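To start, the structure itself, in structure tokens.
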Amino acid sequence: MTAKVSTLSSKLRALTTMSQLQQTQAQVIKLGLETDPLILSALLTAATRYPSGCLYHAQAIFSSASTDNVYHCNIMIRAYACSLFPLRGLHVYDRMRRRGVRVDNFTYTFVLKACAAAFRASDDGGSDSEHWRALLAAKGFELHASIFNSGFGYDHFIHNLLIHMYAQCGSVRLARKVFDEMVDRNVHTWNIMISAYDQAGDFDSSDQFFKSMPARNVVSWNTLLARYVRLCDVAAAERVFNEMPIRDSVSWNTIIAGYVQTKDYDSALGLFREMQAAGVDPTEVTMISVLGACAETGAMEVGREIHQKLRRKQSRMEGYLGNALVDMYAKCGEMSSARRVFNELKMKHVACWNAMIVGLAVHGYSEEALKLFAAMDTSPHEATPNRITFMGVLTACSHKGLVEEGRGFFRRMTSEYSIRPDVKHYGCMVDLLSRSGQLSEAFHLIQEASLDTKAPLWRTLLGSCRIHSNVELADECFNQLSGCLTDGDYVLLSNIYAAAERWGDVQRVRNAMIDSKVAKQSGYSNFQSANAS
């Protein structure tokens, strides 16, 4: 039996696809070896391996095994830390501590990564984000204390991750304290500290550290590159990129992401082609950025080509990559392809649900969008709706004219999910009510809204007053816009008066427009020749 275990373990380590894993797993089960610690470690490793594994499958294996083996727990914590679900890694660690499972230095290495990733992902638009961030910061302090109590306080890898964790949690002072207490620092330590100051906006300290480094590597330059991208200073990022003595895939990814962030999608796609021509293999991060550019420019064929390449390589299309594919197809209006990818994803993050719900709503599939929200709403373990989710739901109601349903969702957003509506949510409700002729209700909704600016809402209602010939309410909307009036507002009110044949008021509004020196913009054509390049 020992020979079989060794043979199967070696076979599992050599697997490259999920189908191979499932076939070998069937043999393991047939031989009754699925609970063998060595085999279980090999199964979990194969299921979490990038890019061929499947986290959902690994989770099923781990859950069914009910194992308290430190190595098995470490594999899962590491996998969760690198996924869209880092909080689950912390849950595995907490379960280990409750059950008295011995933790080792690898456990702390992975759980610190999970804590940092969870904190970074905690600001997802929900009103309880601050609550979660406070809990995660407290978890970081707890981990730090446990590390020293367990005797791992002198491991320089763990020190580096402590600095990283504190930086992600916004505690640059504590990150610096750990740095100052370290005896054994390497270039990676310096890079993390530079990045920590950059994230905190303390660029003077960051520059001082960069100049003081005993040695630099490509990561050092990538950190500087990332700073300018974070600041949306793509010109400075380009200068650093061109001056770098050596580049790696991260360098290319960062500058491509910078173009996407500043909405220069053509440059992002152009640099992606340059990257391929330079023989640099694109990574998952590259694909995510490029798919984002495809989504915004409608370059669906480029996105589809990437999808097909990923399929040929049997790459794992889940997490951020799966989200990017769903978002790309949805924004390009290819809802059937978006739905296929969505259905293939075993573990769906809230961003994935949002991409699908918003995509369906925007492209007129209102009923499908609401059905999908209902499925999400009844699967609380999958994802919790956030403000973007409700934007999609309210848009679906607006496009379909579902007034009562829209009112219900708007109430639920605040009462059930404690999400404070922003101007876009109010805009959807004003549009929904206005389309159905509920102008008075829309007016009172705007009046009661606690917003810094209401101008877009008053303009929406002003436009609806023209459709429904409500001159009195149009006057009130126009007055509410006092101080931020545009030429379009004057013209719209003038047209409303003209439709009501109130010619004296038409002349009065035109004179007021001239007196206020608001110039009417000239019309123009955006026609482009079919032969234009």
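The values are calculated or read from the model by the stated rules, or taken from the named source; none is laboratory data. Note that the structure is predicted; figures quoted are calculated from it, not measured. Ideal geometry is used to build each Cβ from the backbone, glycine not excepted, and the neighbour counts take in all protein chains shown. To get the accessible areas, we keep the full protein, side chains included, count just its heavy atoms, and leave off ligands, DNA and RNA. Shrake-Rupley method; radii C 1.70, N 1.55, O 1.52, S 1.80 Å.
Return the distance in nm (one decimal) between the two label points of a simple spin-label model at Asn511 and Lys177, each offset 7 Å from Cα along Cα→Cβ.
7.1 nm
Just the number, please: carbon plus sulfur as a percent of the accessible area of the chain, 1.4 Å probe, no ligands or DNA/RNA counted.
On the way: 13610 of 26440 Å².
Carbon with sulfur: 51 percent of the solvent-accessible area.
Would you mind checking the tilt of helix 55-65 against the longest principal axis of the Cα atoms of the chain, expressed as 0 to 90 degrees and rounded to 10?
Between helix and principal axis, roughly 50 degrees.
Report the label-to-label distance for Val70 and Glu344 in nanometres (one decimal), using points 7 Å from each Cα along the Cα→Cβ vector.
Between Val70 and Glu344, the label points sit 4.0 nm apart.
When all C-alpha to C-alpha distances in the stretch 207-311 are sorted into bins of 10 Å, what percent of pairs does each bin hold, rounded to whole numbers?
Taking every Cα pair in the stretch 207-311, the percentages come to 15, 47, 26, 9, 2.
Any idea what Rg and Dmax come out to for the stretch 206-263 if you just take the C-alpha atoms, in Å?
When restricted to Cα atoms, the stretch 206-263 yields Rg and Dmax of 11.1, 37 Å.
So what's the convex hull volume per residue for the Cα atoms of the stretch 394-515, in Å³? Provide the component values of the computation, followed by the final result.
On the way: hull volume 11.2 nm³, N = 122.
Per-residue hull volume (Cα only) is 92 Å³.
Equivalent-ellipsoid semi-axes (√(5λ), Cα gyration tensor) for the stretch 417-480, whole Å, largest first?
20, 12, 9
Please work out the Cα convex hull volume for the stretch 21-91 and give it in Å³ per residue.
76 Å³
How charged is the neighbourhood of Gly333? Take every other residue with its Cβ under 15 Å from the Cβ of Gly333, and add Lys/Arg as +1 and Asp/Glu as -1. Kindly include the intermediate steps, with their values, before the conclusion.
On the way: positive: Arg304, Lys331, Arg339, Arg340; negative: Glu296, Glu301, Asp327, Glu334, Glu368.
Every neighbour counted, the sum reads -1.
Can you give the charge dipole size of the stretch 3-76 about its Cα centre, rounded to the nearest 20 debye, using +1 on the beta carbon of Lys and Arg and -1 on the beta carbon of Asp and Glu?
On the way: 5 positive and 3 negative charges, 52 e Å.
The calculated dipole for the stretch 3-76 is roughly 260 debye.
Over the stretch 135-177, one equal point on each Cα, no solvent: what is log10 I(q)/I(0) by the Debye formula at q = 0.15 Å⁻¹?
-0.32
Using 1/(1 + (r/R0)^6) with R0 = 25 angstrom and r between the beta carbons of Asp104 and Met213, what's the FRET efficiency to the nearest 0.05?
Plugging the Cβ-Cβ distance into 1/(1 + (r/R0)^6) gives 0.20.
Label points 7 Å out from Cα along the Cβ direction at Lys424 and Ala455: separation in nm?
The modelled label-to-label distance comes out at 1.9 nm.
Kirkwood Rh, the stretch 133-243, all Cα pairs: how many Å?
14.7 Å
Full-extension gain between Asn186 and Gln261, please, as 0.36 nm times their residue separation minus the C-alpha to C-alpha distance.
Working: separation 75, 0.36 × 75 = 27.00 nm, distance 3.16 nm.
Value of the extension gain: 23.8 nm.
Do the sum for the chain: with -39,500 (n - 2.57) for every DSSP H run of n ≥ 4, divided by all residues, what is the mean residue ellipticity at 222 nm, to the nearest 500 deg cm²/dmol?
Details: 30 runs with 381 residues, N = 533.
Per the formula, -22500 deg cm²/dmol.
Kirkwood Rh, Cα Rg: Rg to Rh for the chain? Provide the component values of the computation, followed by the final result.
Numbers: Rg = 27.9 Å, Rh = 27.0 Å.
Rg/Rh: 1.03.
Report, largest value first, the span of the C-alpha coordinates of the stretch 1-135 along each principal axis, in whole Å.
53, 32, 22
Across all directions of projection, what mean area in square nanometres is found for the Cα convex hull of the stretch 72-211?
On the way: hull surface 34.3 nm².
The directionally averaged projection comes out at 8.6 nm².
Just name one of Ile388, Leu360, Met335: the one whose Cα is farthest towards the positive end of the charge dipole of the stretch 310-441 (beta-carbon charges, Lys/Arg +1, Asp/Glu -1).
Going by the charge dipole, the pick is Met335.
Stretch Thr2-Phe157 to full length: gain in nm at 0.36 nm per residue minus the Cα-Cα span?
Details: separation 155, 0.36 × 155 = 55.80 nm, distance 3.49 nm.
Result for the pair: 52.3 nm of gain on full extension.
Under the 0.36 nm per residue contour assumption, what length would be gained going from the current alpha-carbon distance of Ser379 and Leu31 to full extension? Walk me through the numbers on the way to the answer.
Numbers: separation 348, 0.36 × 348 = 125.28 nm, distance 3.57 nm.
Net length gain for the segment: 121.7 nm.
Relative to the longest principal axis of the chain, what angle (0 to 90°, nearest 10) does the C-alpha long axis of helix 105-121 take?
Orientation of helix 105-121: about 0 degrees from the principal axis.
How much FRET efficiency would the formula 1/(1 + (r/R0)^6) give for Thr17 and Asp281, where r is the Cβ-Cβ distance and R0 is 22 Å, rounded to 0.05?
Numbers: r = 19 Å, r/R0 = 0.87.
Result of the calculation: an efficiency of 0.70.
Helix 172-181 versus the longest principal axis of the chain: what is the Cα-based angle in degrees, 0 to 90, to the nearest 10?
Rounded to the nearest ten degrees, it is 20.
Three principal axis extents, largest first, for the C-alpha atoms of the stretch 191-233, in Å?
Over the stretch 191-233, Cα extents along the principal axes are 28, 19, 14 Å.
Let me know the charge dipole size of the stretch 355-440 about its Cα centre in debye, to the nearest 20, where only the beta-carbon of Lys, Arg (+1) and Asp, Glu (-1) is charged.
240 debye
Quick check for you: with a 1.4 Å probe and neighbouring chains kept, what is the accessible area per residue of the chain, in Å²? Provide the component values of the computation, followed by the final result.
On the way: 26440 Å² over 533 residues.
Here the residues of the chain average 50 Å² of exposed surface.
Compute and list, largest first, the equivalent-ellipsoid semi-axes of the stretch 254-308 from the alpha carbon gyration tensor, each √(5λ) rounded to a whole angstrom.
On the way: eigenvalues 44, 38, 18 Å².
Three semi-axes, in Å: 15, 14, 9.
Calculate, for Ala236 and Glu142, the FRET efficiency according to 1/(1 + (r/R0)^6) with r their C-beta to C-beta distance and R0 45 Å; round to the nearest 0.05.
Values: r = 39 Å, r/R0 = 0.87.
Efficiency for this residue pair is about 0.70.
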